[in-house]
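Taken together, the values in this text are just the output of simple stated rules run on the coordinates, not laboratory data. Predicted model, so just to flag it, every value in this text is computed and none were measured. Note that we place each Cβ from the backbone using ideal geometry, even for glycine, and neighbour counts take in every protein chain shown.
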Amino acid sequence: MQWTPQRRRALYKAGAVLLGTAMLCGSFFAVPYIASAIPSDLADRLTDAPRNPPLAALHTENRRPQTVEPDESSAESSETSSVSVAEPSEPDESSSAPTPSPPAGALTVLAENFCWYTDPADAALNVINRTDYAVDLADYLRRSYPVSLSGAQADEPLVLIYHTHGSESYLPAGVDYYLPEEDFRSEGASETVVAVGDVIAETLESLGIPVLHDRVMHDLPDFNNAYADSRTAARKALAAHPSIRYILDIHRDSIFTQDDRCEKTLTTVDGKQTAQLMLVVGTDQDGAVHPNWRQNLTVATHLQQLLNETYPTLARPVNLRSSAFNQALLPGALLVEVGSCGNTVEEAKEAGRLFAETFASLLRRKHALP
């Protein structure tokens, strides 16, 4: 047979069609194998599909939140309300403000209940003990309350609020995503724990508890010197106002999963989503001069018990630590973690308001305040 140019072109064309068809079919059958090889975190970014777990998941000792605090050794040697675990809420149609659209590469914040129970009826005194000390919180409820108002002046501040890590920030209202490079820090007080301190101070004042609020961000400009700086400020406040009996150092937690996804603490109180709290109590295990740390733990235990009674899913377990966190200054000195970096500032403010109401109730009970 004689191969004319026309026959050659027809043959080449038919071959190309057959080859293209074979490649298309091969690609189709290979899709499942390609998809299975994509890492899950990359798959989330490609499909924009958040993997929010059920909020009923319990926080356990095998999966502890990462509470970021600096080593103090170099700086110091020496919840009746309707409460439930939050479920995803419907959009608020009464709000005219549009919900911001996530930018390219944004990751969805995972929400979780960080109490050790989901049913409010199961509320109990629990402790995350990161020290070598044996602690039974029930025993601390039976101890004498270590704070007295003897000598305090009625018109003088009873509570000092300050912020060792004042630049710790939250997400804006309505935002449930973040960029991987986000450092969750801000110099704008309205975005940080300082704003939560404002709410706590205002609520306490409205309930007749005099407050001195130090709004200085003591981690700026030097984060490593934050505790030394805030301790100096607290001592000055105590010298100027000897009526102060309680010190609240307001922080927020930083919680990430093992695959580095940001989580926020979340519960619902009276139908409103709110961040969760954690009382942190320091000790002398790391070498700080703090022999009376059990007095601080006594105050924290009484407050934790009242939080459990009033807002059962608001408070996470008490966190006992080896550093002192400046709590040797007073028996009534506490560190309060309000939410985490994945919470919105509005969720944190709501938690701060509920905390302040409960704290005021504790003071009225223990000191016969009006």
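Details
- Counting all C-alpha pairs of region 310-370, share separated by more than 16 Å (%): 59 percent
- With the simple spin-label model, which puts each label point 7 Å out from Cα in the Cβ direction, the ASN224 to LEU149 separation comes to 4.4 nm.
- Rounded to 0.05, the FRET efficiency of the LEU369 and GLN258 pair, given R0 = 51 Å and the Cβ-Cβ distance, is 0.65.
- Relative packing of 279-287, 183-191, 243-251, which averages over residues the other C-beta atoms within 10 Å, highest first: 243-251, 279-287, 183-191
- The Cβ shell under 12 Å around ILE161 holds other residues with a net charge of -4, Lys and Arg each +1, Asp and Glu each -1.
- 24 Å tail of the calculated P(r), region 254-370, as % of Cα pairs: 33 percent
- If you plug the beta carbon distance of LYS272 and GLU309 into 1/(1 + (r/R0)^6) with R0 = 22 Å, you get a FRET efficiency near 0.70.
- Sequence ranges 168-178, 344-354, ranked by mean other-Cβ count within 10 angstrom, highest first: 344-354, 168-178
- For the peptides 126-138, 218-230, 307-319, residues were scored by their other Cβ atoms within 10 Å and the scores averaged per peptide; the highest-first order is 307-319, 218-230, 126-138.
- Near-label residues of region 323-350 by backbone N, under 18 Å of a point 7 Å along Cα→Cβ of LEU179: 342
- Taking other residues whose beta carbon is less than 14 angstrom from the beta carbon of PRO221, and scoring Lys, Arg as +1 and Asp, Glu as -1, yields -3.
- A crude spin-label estimate for the pair ASP132 and ASN292, with each label 7 Å from Cα along the Cβ direction, gives 2.5 nm.
- J(HN,Hα) series, region 166-174, from Karplus relation 6.51 cos²θ - 1.76 cosθ + 1.60, nearest Hz, glycine and proline x: x, 7, 5, 10, 10, 7, x, 4, x
- The alpha carbon convex hull volume per residue for region 173-230 rounds to 107 Å³.
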